[in-house]
Structure formats: structure tokens, C-alpha cells
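Visitor: Before we start, here is the structure in question, set down as C-alpha cells.
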Amino acid sequence: MSASPNHPIGKSVPRKEGRKKVTGQALYVDDISFAEMIYGVTVRSSVPRGRITNISFAGDTPWDEFTIVTAKDIRDIGGENYVALILNDQPYLADEVVNHAEEAIVLLAHPNKYLLEEARRNVRIEYEELPAILTLEDSVDKKEIIWGEDNVFKTFLVDKGNVDEAWTNADLIVEGEYFTGAQEQLYIENNGVIAIANEHDGVTVWGSMQCPYYVHKALIKLFALPEDKVRVIQTETGGGFGGKEEYPSIIAGHAALLSLKCGKPVKIIYDRAEDMVATTKRHPSRTRHKTAVTKDGKLVAMDIEFVIDGGAYCTLSPVVLSRGTIHAAGPYFSPNVRIRSSAVATNIPPHGAFRGFGAPQGIFALERHLDKVAKAVGLTPDEFRRRNFIQQGETTATSQIIREKVDMAGLLDRAFELTGYHEKRQRFAKENEQSRVKKGIGFATFMHGAGFTGSGEVYLASVVGAEATSEGRVKILAASTEIGQGTNTIFAQIASEALGVDSDLIEVAQPDTANVPNSGPTVASRTCMVVGKLVESAVLALKQTLVGSGLLREDYSQSEFQEACRTHIEKFGPLKTFSTYQAPPNIHWNDEKYQGDAYGAYAWAVYVAEVSVDSLTYEAQVEDFVALQEVGRVINPVLATGQIEGGVAQGIGFTLFENVVWQNGRMANNQMTNYIMPTPADIPPIRVYFEENPYAYGPGGAKGIGELPMDGPAPAILNAIENATGVSFDHVPLMPEAIMENLTNVLHGITL
Amino acid sequence: MTIELPCVVNRESIVLNVHPMARLLDVLREQLHLTGTKEGCGEGECGACSVFINGKIVNSCLVPVAQVEGAEIKTIEGIATDNQLHAVQQAFIDCGGAQCGICTPGMVLAAVDLLERNPNPTDAEIRTGLAGNLCRCTGYIKIFESVVRACQER
């Protein structure tokens, strides 16, 4: 690696917007105001399913001062009352029926926030209640049909070999059932937008979001406007984790409807309670495994049934299901694999994108299950996995041939060395006999695909632009958002590396649909690997234009580059180049059979958790955590490590802390005081290690890492808890109550 | 009903004209346009709205403005002096202590407060010192590293 500042890839270049963030100067949407701006609130349903029979405006609220919007207003402007996404089944405002608690029905706007809050309570909505489905099990059992003909949003079948015939070749068949709960994204900045809408200029929205072009697409339908009459601008965004992937389309539409009606800018900022109760969460899941193995521990067949609870509307559930399905069989080779999956409807607020997007659910089940299979076959968890790790040239569940170098066994060796795994396994077993606090160590081995699944990236056809400025700087034009993960900084590094100029010379434009092309959504661990590659090719095209015009020689200095930009703009006007996604060669995907190259590249990982379980208080605590992963080239070590640490912390929350309590289809603990996320006092040392195996089609060799760290903690921690206590738990979140219930049985007879 | 309420904000003496029960957080953000102080939860759990009142760190979402009559308030905007970042702020940039940045102002103030009380905190003291501030991005590790770095730089 060169020491030159113009080769920034692999260096921890400081966050581009870091100074603004540490001084409080960064402007989030609630920090922005416009003249005449007023506030909006949402009146929501109090029942999980019902027919709206009456809406009245009661109390001593001066209603004539208020702007009031209902579904009728959408009809009056000729708009479509649905949130355009996949199936278009979710209304912006419930019209005749409500399908979940907290569904939006009426919007109110007023200059005074306090009056507005009172007014919200004075809107009376009456319902004729309808029978509701509130659990995944009841939906699968069709206790009531609440969506379509069968409560099913989407199903997939992955079929490799012949599972039905394989059972006869097995020495042993092991079955298991596993569950994961909902999880709140809990970004510290709540959802919020400001909208300005009028008949002449159309609709403009500023907001906290991951995907400006998703909002753009949805508003075009809602207002029946041409593309150029809708403008969406991302403001500084205080965390997303998937929670600001699809939801901002709704709040943006609501603010814009109010603005259009009152003729003033309208700001809607949810408070924490509303954000938690009304917006999306991670899909709860149920996974059933039936696994056939030989007596020497080789996988013969994996039969997997994976079901996720999508909530009341389809939203992104089909794609969440897709990623979950493909990851459900993990980094192992089995000649026969069948994965049957479905996303089903319930009358609870729609579940949505959350870091990992279905994969953490399926991987939790698999990695717990394989410890169970190993035990049944008489092997250690690591030895069993070693006999089944996928090797270069072998095929995954979707029959994708792994062409890249993969060495899961090598990763496992290194992770065990870093943790002293074997020594601790032995020592804890001895010490636990005498100790009230039981210690354990466990691990998970897994992979995570980067970018959209299958043909997704081809359909998206993302575009990135590069624009030279007359000061000799280069501006990156992309809709990919900085949400804390480091988009601005790594784009600058990639462009700087490609051009051989300082990264300070690179600016990253604010995502604004009027000024940047659609580089696709900021999701799916795709921003670095897929969009970063387009940044690289867009700036290289810019350089080629300068060289081709004779203004720049091939071997140039930074000042020559700047001079060439200036001269080119003087002579020929604005200089912009664009690059459009092209699939790497040899990527083939069959959408009908769900077979082929599901992802262009995978990150491979081994996570090891050390835990203690107090047999008196039943508290489980993570004492040490090692996250080892192969992610291609690391663009920025500090940022990449920060991504992994943050994801692991979220994973620890998912496993031991974050319990959504449902009451009649509504989150009952929608406060930070009773929905508990890990605090600084709860986090163990998280030790992060990378192996670097450059990926030929990623920028500078990088793959994706954003979602990966969410996958490993839950199974690693529960495997460690089994090691500590001898009890196998099959669900997360695992709260002390559940540990108590199971542990008292096992420890019966031991004096506590 | 509003009252006149003198106080000092970021070393500047001012007189506020406010409803006495208005939240200090709202007064700072809406009247004084000091939007660096953030609202995360509105119930004193997350620490995003941390400010100093007479040198003590508090959650400004829980403080009725009447309580700060004559008090000296310092917000994130008053931490850097003459464009020179505080050692904690610089350390957050260098060590990756800020990601999305929304908890950062509160977290920086909590770290400044900790180091003023305890210039060389142990790892456990850092964790306890920051326990009132929540961050969803970093998993806190880089924030702990930032505090350690700031100690070394001071």
C-alpha cells in the first residue's frame, strides 16, 4: 500500500461531516424551519381491525383554524391512495376499513403544537370491530382470512437435489423449531419531514430517510404528478437501520397532503412513542428444520420451513422473505436442500426493513439447530461444521457455484485462537460445577450476500454521476444517503483513489432528486460494493474525458488535474459523466426456480460470544465478543470496525434486551424506559478482526458489510448460553423470565 | 402567560421571554435556535438533549425553563472555543466516535463532564460516566476509545 495521501483506500480517513456532527452544526430535519411553517399530526386507529363508521370532531377545539385531511382529500386531488412499493395495498389514509392498530386515518395541521395535540385527542373515530389475526401462528392456521385469499403475501421454494428421497440415506434425522421476535430499529432521531406543496410547483419534501427515490416514486402516485414536479431532499439522518427505508414515503405523503391543503410548509416530527408504536419493526419469524446427516456428520439433506410475520400490509415483506430464504441454509454444502418460505399477514402494524433483512432470523435458527445436530451425531459444534463448510467450487442452496476463495475452516481456527475457545470450553465446564455464575462460550459461522438479490441490481440499473467544478473539485452525484455508516467518506476515498487526487477535493452532493441520479436505495449492504463501484467508474470516465480532450496527460499531478477541470468547463461548459450498473460476468439468476447466483459476493464470518448466566438472578450477560469476517478489501478501517461494533451491539440487544410486548396488536412498551436497548454499561468488549480477500468487482476490492454483524450475535450468544447452562433455548429475545423457567428445572437439586 | 427570565447561555447574558413551564430543550432549540441539542426520547432516557446547567449535566427535556432563572447554561454550541475544537470533539472525529451524529452532542457533553470530574477514568468509570447517553450506531466502543484519546491529548 502506498503511503501517498492520494491512495486513501485502506486508511482511516476521518468522517467527512465529522466536524459538523461533533459541534452540533449538522442540520437534521427538526433543526430546519421555513417562514410560515406549521405542524402536522396523525390521528390513528385504536383497533386492530374494523370498519370505520363515523369520524367526528369534538371538544372545544376551534376546528375552523385547523387543516384537516382524510382519504377523501386524496380522491379530490385525483391521487392514488396507496403507498407505491411492491403490491400497492397499503393506503396513505385508511378509508373505510382499518387493518391494524395505529393506522393513519386523519391528518391535522395547525401553527400551535400544543393545540394540535389537544385536537388530536378530540377527533372521535367509531368502528365496527372485525375479528383480527394477531399472531403468525393464527395467520398460518387461517383462523380468519384477513388479506387476499389465504393471508399469504409471498412464498418461495428453493429446491436442490431431492430432499424427499434423501431421508432414506440418512443415519440420523434431527428436527427443531426456532422463533425470533420483533425488534425496533430505534434510531435516535425519530422519523420526520417537512413538505411544501402547491398546485403550481408540485411537491417538495425534506426529510430523514434512506431512499429519496422511494419517496419520489410514492409521491408521484399519491399526487398524480409528473416526475419533475416531485422533489425529495434528504437531510442529515440520525440513523436508519432499515427503519427509514420504506416508512418515510408515508410520513412524507402525509405532510405533503397537509401542505397542499393549507398552502403552507408543514412539518411532521414523530415523538418517540409514536415512532415506536406506529412504524415498522423487524419481522418476527418461525423456522422449522429437519436435517438428515450420516453417522460421520455429513449433511445429507436440509428441509427448512421459514415463515415471517409481515403485519397488515405487504410493504417489503417479499424481499425480506427472499433474503431470509436464501440465507437460511448458511455457508454449508448439502446435496439436498429444500427451503419453503412464506410471508403472512397479521393485523399489526406492517413489519419492515431492518438491518439483515430476514437473514438474522434464518441464520439464528440454522446456527442454533446445527449445535443440536452436532450433539445428536456426537460431534463438537465446530467439528460438525468443519465437515460441512462450503468449499470453493461447491454449490449453495440456490445451486450457486462459489467461485471466490472461501475458507470458513481457516476463519474458525483464527477465531478460536483469538478467543482461546477450546481452553475456555474445558475450563468453564470445570469451574461451573462450583460456581453460582455459569460461564459459557459459543459461536456462529455464517455468510451474508451483498447487494440486491438475484436480478435485483440489473432491474435497478443504478446510476452515479461525477461532476467537475470550476474550482477543480469533483462532486459525486448519487442518491445513496449518509445515515451514519460513512457513505460520504468512503465515496470520497474511492473517487480520490481512482483519480489520484486528495480526498478533500471530492465533494459528495446532498441527495436531492432534482440534482442527483437514482443510484438506488441505501440498503442491502450495497452502498460500498455496488454504488461505490459506480463512483469509481464515473470518476474514471471524467478523467478519460479530460485526457481525451487533450487537456490532461495520463500521468498528471493534482494541480494539473484541477487546471484541466477549469479549462474544460471554460471551453466546453459543465463537465459531468455518468456510470450505469452492469452485472459482473457469469452472474445468472433464475427468478422462477429461485436458482443461480443469488449474490455477486458474500462476506464470510465467524462470531464468538462468551457469556455468564447467573443461576440466582437468571441474568445472562455477554462478557466478551469476537467478530471475525472476510469482507473483501476494507476501505476505511475505523468506519468498517464501527459498523461491525454497532451491528454486534444491536445483535446483543436483539438477543437479550429488546422485547416488544404486544397487546391487542399494539406495541405496549413503546418508550425507551420500557423497551430496553443496550447502554454503555451493558456492552462487552467487542473485538473486530478482518480478513481481506479483494473482490474483483468491488471498488478497490471491497464487498458489503452493513448488515453482516446483525446475523451472528443471536445464535453465538444462545449457543454460549447452552454451553454455560446445559439448556438449549430456541427463541430470541431471551429474557431472564424464560431462563428462569427452564433453568430451575435443570438445576433442580442444586443448592442456589 | 410568559415571564422574563434572565440567564446566561454559552457565556452570553440574555433575558428570555418564555412560558415558565416550557421545556428548556424547546426554548434552546426554538427561541435561541441552538439546534445542536437534540430530542431523542422526551423522557430523560437517551441523553441526546444533555446540557450543562451551572456546570451540572442534565437532560434538558425534563427541565422546565423556570428552573434556569439566573443560571449559566452551556450547550454543545459552547464547547468549542474560538473555532478550536475541544479535545473530546477532536477525539470523536479521530476515533470514529460519531456515526449518524444525532446522539453526538449529548455524548460529547457527557464525556466532557466525565473528564472534568475524573481526568483519568478507568474503562469501568467511562462506561458508568456515559451510561445516561444512548447510541444506536456505534456499539459505544469507538466512543470509549474517543474518551481515552481525549484524556491522552489533554
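The values are calculated or read from the model by the stated rules, or taken from the named source; none is laboratory data. These numbers were taken from a predicted model, which means no experiment stands behind them. Here the Cβ is made from the backbone with ideal geometry for all residues, glycine too, and neighbour counts use every protein chain on show. With ligands, DNA and RNA removed, areas are computed over all heavy atoms of the protein, side chains included. Shrake-Rupley method; radii C 1.70, N 1.55, O 1.52, S 1.80 Å.
Visitor: Evaluate region B:3-78: find the radius of gyration of its Cα atoms, find its Kirkwood radius, and give the ratio Rg to Rh. Don't skip to the end; give the middle numbers.
Guide: Working: Rg = 10.9 Å, Rh = 12.0 Å.
Here the Rg-to-Rh quotient is 0.91.
Visitor: In Å² (nearest 100), what accessible area is buried between A and B, both sides summed, heavy protein atoms only, 1.4 Å probe? Walk me through the intermediate numbers first.
Guide: Details: alone 28170 and 8090 Å², together 32500 Å².
Buried area between the two chains comes out at roughly 3800 Å².
Visitor: Can you list the residues of region A:22-47 whose accessible area drops by at least 20 Å² going from the chain on its own to the full set of protein chains, with a 1.4 Å probe?
Guide: Those are A:VAL22, A:THR23, A:GLY24, A:TYR28, A:ASP30, A:ASP31, which lose 20 Å² or more relative to the chain on its own.
Visitor: From the phi of every residue in region A:696-703, what ³J(HN,Hα) in whole Hz does the Karplus formula 6.51 cos²θ - 1.76 cosθ + 1.60 yield, where θ is phi - 60° and glycine or proline is x?
Guide: Result, rounded to whole Hz: 4, 9, x, x, x, x, 7, 10.
Visitor: Please report the carbon-and-sulfur percent of the accessible area for region B:3-78; probe 1.4 Å, protein heavy atoms only, DNA, RNA and ligands left out.
Guide: Numbers: 1560 of 3220 Å².
Accessible surface attributable to carbon and sulfur in region B:3-78 totals 49 percent.
Visitor: Specify whether the C-alpha gyration tensor of the protein assembly as shown places it in the rounded, prolate or oblate class, a ≥ b ≥ c being the square roots of the eigenvalues: rounded for a/c under 1.5, otherwise prolate if a/b is larger than b/c and oblate if not. Please report the intermediate quantities before stating the final value.
Guide: Details: a/c = 1.29, a/b = 1.19, b/c = 1.08.
The shape class here is rounded.
Visitor: Still on this structure, please answer the following. Mind listing, in residue-number order, the residues in region B:100-137 that have at least 40 Å² less accessible area with every protein chain present than in their own chain alone (1.4 Å probe)?
Guide: B:CYS100, B:ILE102, B:ARG127, B:LEU134, B:ARG136, B:CYS137
Visitor: Sticking with this one: Using a 1.4 Å probe and ignoring any ligands, DNA or RNA, find the accessible area of A:TYR247 and quote it in Å² to the nearest 10.
Guide: Counting only protein heavy atoms, the figure is 10 Å².
Visitor: With every protein chain present, what is the per residue accessible area of chain A (1.4 Å probe, Å²)? Provide the component values of the computation, followed by the final result.
Guide: Values: 26350 Å² over 752 residues.
Value for chain A: 35 Å² per residue.
Visitor: A further question on this structure: Per residue, how much accessible surface does region B:87-153 expose to a 1.4 Å probe? Answer in Å², no decimals. Present the calculation step by step, with values, prior to reporting the outcome.
Guide: Working: 1980 Å² over 67 residues.
I get 30 Å² per residue for region B:87-153.
Visitor: Using R₀ = 60 Å, calculate the FRET efficiency as 1/(1 + (r/R₀)^6) where r is the Cβ-Cβ separation of A:GLU144 and A:VAL458; round to 0.05.
Guide: On the way: r = 39 Å, r/R0 = 0.66.
Working from the Cβ atoms, E equals 0.95.
Visitor: Let me ask something additional. If ligands, DNA and RNA are left out, what is the accessible area of A:ILE401 with a 1.4 Å probe, given in Å² to the nearest 10?
Guide: That residue has around 80 Å² of solvent-accessible surface.
Visitor: Tally up the carbon and sulfur contribution to the accessible surface of region A:393-457 as a whole percent, 1.4 Å probe, everything protein left in place. Don't skip to the answer; put the middle values down first.
Guide: Values: 1350 of 2770 Å².
The computed percentage sits at 49.
Visitor: Using only Cα atoms, locate the centre of region A:24-66 and the centre of region B:10-65, then give the distance between them in Å, rounded to an integer.
Guide: 24 Å
Visitor: For region A:80-201, what % of the accessible area comes from carbon and sulfur atoms, probe 1.4 Å? Walk me through the numbers on the way to the answer.
Guide: Values: 2550 of 5620 Å².
Within region A:80-201, the accessible surface is 45 percent carbon and sulfur.
Visitor: With every protein chain kept in place and ligands, DNA and RNA left out, what is the accessible area per residue of region B:3-78? Probe 1.4 Å, answer in Å².
Guide: Values: 3220 Å² over 76 residues.
Value for region B:3-78: 42 Å² per residue.
Visitor: Follow-up. What residues of region A:638-653 lose no less than 50 Å² of accessible area with every protein chain in place versus their chain by itself (probe 1.4 Å, heavy atoms only)?
Guide: Those residues are A:VAL638, A:GLU645.
Visitor: Give the accessible area for A:ARG553 in Å² (nearest 10); use a 1.4 Å probe, count only protein heavy atoms, and leave out ligands, DNA and RNA.
Guide: 140 Å²
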